[in-house]
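The values are calculated or read from the model by the stated rules, or taken from the named source; none is laboratory data. What you see is a predicted model, and the numbers here were worked out from it, not measured in a lab. Calculation scope for accessible area: heavy atoms of the full protein, side chains included, ligands and nucleic acids excluded. Shrake-Rupley method; radii C 1.70, N 1.55, O 1.52, S 1.80 Å.
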Amino acid sequence: MIFIYTGREEMQQRRIEEQNISLEQQGAYIENLEGLQREVRRFRHDFRNMMSGMYLQAEEGNLTAIQTYIQEMTEDFDSQIGDRIRQMGQLGNVCMTEVKGLLLTKLVQMQRDGTVCELEVMHPFRGTRCRITDLCRCLGILIDNAMEEVRGREDARVHIMISSQGGYTTFRVKNRLYHTVDVHEIWQRGYSTKGADRGLGLASYRKILAGYEDVLPATAVQEGYFIQEFKVREQNGK
């Protein structure tokens, strides 16, 4: 009876946690859609003004000015709405609910911080050999570190890539580097460029990956960017 009661308690607790995660994911998704809707409304208002200006150029027969005007409109659309639409399209390639929820939450946080996120999911991502909890922890650590490094910067930008091909699934997080980093010491527990009581994430990240034989982590600093990735060798390809 004790075992049965304990098992039921654990199942109930897992269900509550899953429900909380689901609610958080739904909230992030709704907030993302609402943000996109606001951008569409803003661009619609601006579009009318831009069309009025182009109409005057057309009356004067100034084709060069019209071409320039159209190019500027296209660039404005890409900067205001196009990037968000492409981001949602890339997110649609993530078929694992837990990973999609994690990415949604981080995307919303970056939007609030004013950080531009370039999300690239090159092929439909349906799963990997890593335990889902370990995968979300590792990916979350890399994204959090990237977000913290660029937060508050004028050109804050983070690039996230997930690629499943050739028997490997690759997860890569890239951000501009504003501090000097010793790639040989970042794995030490407590190492951080941001003060005391920090630097626990990467040590935990490395400990998690050490439990897998077919996971290949890599770290690099290239042309002012900090790049972290890990590749998972999948059974029988993907």
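Is at least one residue of segment 110-125 within 13 Å of the chain's Cα centre (by Cα) and in a loop (DSSP other than H, G, I, E, B)? Before the answer, list the steps.
Step one: list which residues in segment 110-125 are within 13 Å of the chain's Cα centre (by Cα), which gives 110-111, 115-121.
Among the residues that remain, those that are also in a loop (DSSP other than H, G, I, E, B) are: 115.
Within segment 110-125 (the criterion being within 13 Å of the chain's Cα centre (by Cα) and in a loop (DSSP other than H, G, I, E, B)), the answer is yes, since at least one residue qualifies.
Starting from residues that are open to solvent by 10 Å² or more (accessible area, probe 1.4 Å) and hydrophobic (A, V, I, L, M, F, W, C), keep the ones in segment 105-129 and report whichever is farthest from ILE162 (Cα to Cα).
Filtering segment 105-129 for residues that are open to solvent by 10 Å² or more (accessible area, probe 1.4 Å) and hydrophobic (A, V, I, L, M, F, W, C), the one farthest from ILE162 (Cα to Cα) comes out as VAL116.
Out of the residues in segment 132-172 that are under 18 Å from LYS207 (Cα atoms) and among the acidic types (Asp, Glu), which is farthest from the chain's Cα centre (by Cα)?
Going through the qualifying residues, I end up with ASP134.
Which of (1) of a type in the set (Phe, Trp, Tyr); (2) within 18 Å of LEU209 (Cα to Cα); (3) open to solvent by 30 Å² or more (accessible area, probe 1.4 Å) does PHE171 not meet, given it meets every other one?
Condition (3) is where PHE171 drops out.
Under the condition of being among the basic types (Lys, Arg) and not in a helix (DSSP H, G or I), which residue from segment 130-168 is most open to solvent (accessible area, probe 1.4 Å)? Lay out the reasoning, then the answer.
Initially, segment 130-168 is screened for residues among the basic types (Lys, Arg), giving 131, 137, 151, 153, 157.
Next, only the ones that are not in a helix (DSSP H, G or I) stay: 131, 151, 153, 157.
Values: ARG131: 148, ARG151: 111, ARG153: 99, ARG157: 112 Å².
This residue is ARG131.
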